[in-house]
Ligand code: SF4
């Protein structure tokens, strides 16, 4: 008897993620890349690569669910919002999770979960880049460091520089004036991380925060933000091993109707 | 251009269009009949005690309704820019900006702008914005401005608040007598109040029909068909129109006809309509079987005039308008609507323009969710300024919200 496979595709504003699960919900393969100009094409290429790697064919995939900003562009069986997908993915990985904080490229959100992974409530950032991955990218650009390095830099900070502006453009000029004033890079980075944390914490106050709290999205790899957020919220944050693919995982689980 | 609807149309809409066209036609050519008939034209806020003005045979014109027209025709953004270029802040209500823009550049405005006022009447029961807006208008046109100050009600209406407003109404009546050269005719006032009352009762009855499953009306219907209760309240035309609408809606209910085919989800709407997307926005819901069966906005005009002394009754009614009341009152109102209309959830439009309506929504949302157990969504937009509307994020939230309601 052949295994059945399900595909979850998350076309985000910055990166596209693809996850393949088998009918038990176990991850068989995953891949990710920058969305670039056409997230759909990137997704198609990633799917091909995954299939090749596993020695599978397109017809081995029983169902596909697309999510993320580019979800409608991909010819999937169904498109489901990333909130529902994220909730399902996290409930699968952390059955005790009741709150998900997700910071992606263009938005940040807080999802309140019911047991079983159903969404009880959610809040998303206002139409603004504050408290998102994009915000970190812009600040990294101003500081001339790589986003990946923000992590280590924040750890070296002695005293973080406060960034008071919420607006990304104004915050960038604040960063520049800190640089001009000769402040340590590490301290500015710590300030940037704290600013993201503060923004997301205020979002969390709308839905309320119930443990366990799971932190997902690409930004969850940044320990500077993780620590700043944990401190701000005064609670423990669980971070999945691969925090950026959890919505794609949820999409794959939903494709297979695999319940938690 | 305005959008088309994608669900069951109402036959009454034709009559509505005729009625509103006639009103705006008369308004536009007021200069030909106003003077000879000694009927001045007043620009008034939506919460002004219009029955008193009508008793003095004043022709009321509503810049807020005009702002909604600008929004529906998608010219608000341009008119707002005109006002912004003249120095008005982007944070100012977009009705005010659209209207001021239409005064500065009438050639860009629907119907070439509104005809100049002889008088301005502002009541702050809806917001504080109207005071500054109307002060600006008074400076531009150099005409008298009457302000009715209704104290905010943290609880119930007190005797002192009521008599404070009553005193002002008496002064207002004296001024209007002087201004129009007519005496206050109590019988005329009572006649207009009776017409108002009848209009309000019909509107209440029509809205009540939406308790039926499926609901005969969806929110855009309510938003469109509320126009006469705003601008023609206290006239026989309004009564006549709502009788017609009542009969049509009633017959929908009798036939089990729903506004949204295959109604699956029933929702309550909070805040002013998103005029420039009046159908498109709600289509995101109706295509998934979700119908907005009632709302707090068009329901704001279900303000019942009490019996007794007409001026006292006006004082109470216009002070008790929901926007002039506490978050507790508004949460309670929402909870009752949800129970009464058997709703599965609610959607709040966080309207950048309208601060008194929007600022307390998060508090209300939490309380309502706690008490009813149904989910509530907040969508950020603006009623008229479409530059504030971000399609994708809105669509994303709406979809996620409907997924939580439909057991994916
Ligand atoms: S602020 Fe709100 S209540 Fe005041 S005029 Fe504008 S829309 Fe109306």
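Rank by packing, highest mean first: peptides A:166-175, B:297-306, with packing defined as the count of other Cβ atoms within 10 Å averaged across residues. List each step's numbers first, then the result.
Details: A:166-175: 17.2, B:297-306: 18.9.
Sorting A:166-175, B:297-306 by mean packing, highest first, produces B:297-306, A:166-175.
I'd like the distance separating the alpha-carbon centroids of segment B:386-400 and segment B:117-186, in whole Å.
Cα centroid of segment B:386-400 versus Cα centroid of segment B:117-186: 39 Å apart.
Contact order normalised by length for chain B, with contacts defined as Cα pairs under 8 Å and 6 or more residues apart; what percent is it?
Values: 691 pairs, mean separation 79.6, N = 408.
Normalised by residue count, the contact order of chain B is 20 percent.
Mean residue ellipticity at 222 nm from the helices of chain A, using -39,500 (n - 2.57) per DSSP H segment of n ≥ 4 over the full residue count, to the nearest 500 deg cm²/dmol?
Values: 8 runs with 105 residues, N = 260.
Estimated from H runs of four or more residues: -13000 deg cm²/dmol.
Within 10 Å of each Cβ in peptide A:99-108, how many partner chain Cβ atoms are there on average? Round it to a whole number, please. Kindly include the intermediate steps, with their values, before the conclusion.
Numbers: counts 0, 0, 0, 0, 0, 0, 0, 2, 4, 0.
Per residue, the average neighbour count from other chains is 1.
For segment A:96-239, state the average projected area of the convex hull of the C-alpha atoms over all orientations, rounded to one decimal in nm².
Numbers: hull surface 30.9 nm².
Approximately 7.7 nm², given one-decimal rounding.
Dividing the Cα radius of gyration by the Kirkwood radius, what Rg/Rh value follows for segment B:188-407? Write down the numbers at each step before the final one.
Values: Rg = 17.5 Å, Rh = 18.0 Å.
When Rh is taken as the Kirkwood radius, the ratio is 0.97.
Can you tell me the Rg and Dmax of segment B:12-184, counting just the alpha carbons, in angstroms?
Using the Cα atoms of segment B:12-184, the pair Rg, Dmax is 16.8, 48 Å.
Ranked from highest to lowest mean number of other Cβ atoms within 10 Å per residue, what is the order of the peptides B:176-183, B:269-276, B:162-169?
Going by the mean number of other Cβ atoms within 10 Å, highest first, we get B:269-276, B:162-169, B:176-183.
Over 20 Å intervals from 0, what percent of Cα-Cα pairs in the protein assembly as shown sits in each interval?
Spelled out per bin, shortest first, that is 17, 44, 29, 9, 0.
Taking the C-alpha atoms of chain B, how large are the radius of gyration and the largest Cα-Cα span, Dmax, in Å?
Values for chain B (Cα only, Rg and Dmax): 20.6, 68 Å.
Calculated from DSSP H runs of 4 or more alone, at -39500 (n - 2.57) each and per residue, what is the 222 nm mean residue ellipticity of chain B, nearest 500? Mind showing how you got there, number by number?
Values: 18 runs with 209 residues, N = 408.
Value at 222 nm, helices only: -16000 deg cm²/dmol.
Within 10 Å of each Cβ of A:78-86, how many other protein chain Cβ atoms are there on average? Each step should come with its number before you reach the end.
Working: counts 1, 1, 4, 11, 3, 7, 7, 3, 1.
Rounded to a whole number, the mean comes out at 4.
Along the principal axes of its C-alpha atoms, what lengths does segment B:32-130 span, in descending order and rounded to whole Å?
In descending order, the Cα extents are 38, 32, 23 Å.
Compute the angle between helix B:186-208 and the longest alpha-carbon principal axis of chain B, please, reported from 0 to 90 degrees and rounded to the nearest 10.
Helix B:186-208 sits roughly 10 degrees off the main axis of chain B.
Given R₀ = 35 Å, what would the calculated FRET efficiency be for residue B:211 paired with residue A:206, taking r from the Cβ atoms and rounding to 0.05?
Numbers: r = 31 Å, r/R0 = 0.88.
In this case the efficiency is close to 0.70.
So between residue B:186 and residue B:90, what do we pick up on full extension, going 0.36 nm a residue minus the alpha carbon distance? Intermediate values should be presented prior to the final figure.
On the way: separation 96, 0.36 × 96 = 34.56 nm, distance 4.38 nm.
Length difference between fully extended and current span is 30.2 nm.
Suppose R0 equals 35 Å. What FRET efficiency, 1/(1 + (r/R0)^6) with r the Cβ-Cβ distance, do residue B:254 and residue B:370 give to the nearest 0.05? Write out the running numbers ahead of the final one.
Values: r = 37 Å, r/R0 = 1.07.
After rounding to 0.05, the efficiency reads 0.40.
Under the definition of Cα pairs under 8 Å and six or more residues apart, what whole-number percent is the relative contact order of segment B:188-407? Present the calculation step by step, with values, prior to reporting the outcome.
Values: 324 pairs, mean separation 47.7, N = 220.
Relative contact order, segment B:188-407: 22 percent.
From Cα pairs below 8 angstrom and at least 6 apart in sequence, can you work out the relative contact order of segment A:96-239, rounded to a whole percent? Provide the component values of the computation, followed by the final result.
Numbers: 271 pairs, mean separation 44.8, N = 144.
Contact order relative to length: 31 percent.
Given points 7 Å out from each Cα along the Cα-Cβ axis, report the residue A:176 to residue B:31 separation in nanometres with one decimal.
My value for the distance between the label points is 5.2 nm.
Hey, can you rank A:68-79, B:138-149 by average C-beta count inside 10 Å, highest first? Display every interim value, and only then the final one.
Working: A:68-79: 19.3, B:138-149: 15.7.
Output ranking for A:68-79, B:138-149: A:68-79, B:138-149.
Nearest 5 is fine: what % of DSSP beta bridges in the protein assembly as shown come out antiparallel, could you say?
Beta bridges within the protein assembly as shown, antiparallel portion: roughly 40 percent.
Only the coordinates and a few stated rules stand behind these numbers; no lab work does. Bear in mind that the values here come from a model prediction, so they are computed numbers and not experimental data. When we count neighbours, we look across all protein chains shown, and the Cβ atoms used for this are built from the backbone with ideal geometry, even at glycine.
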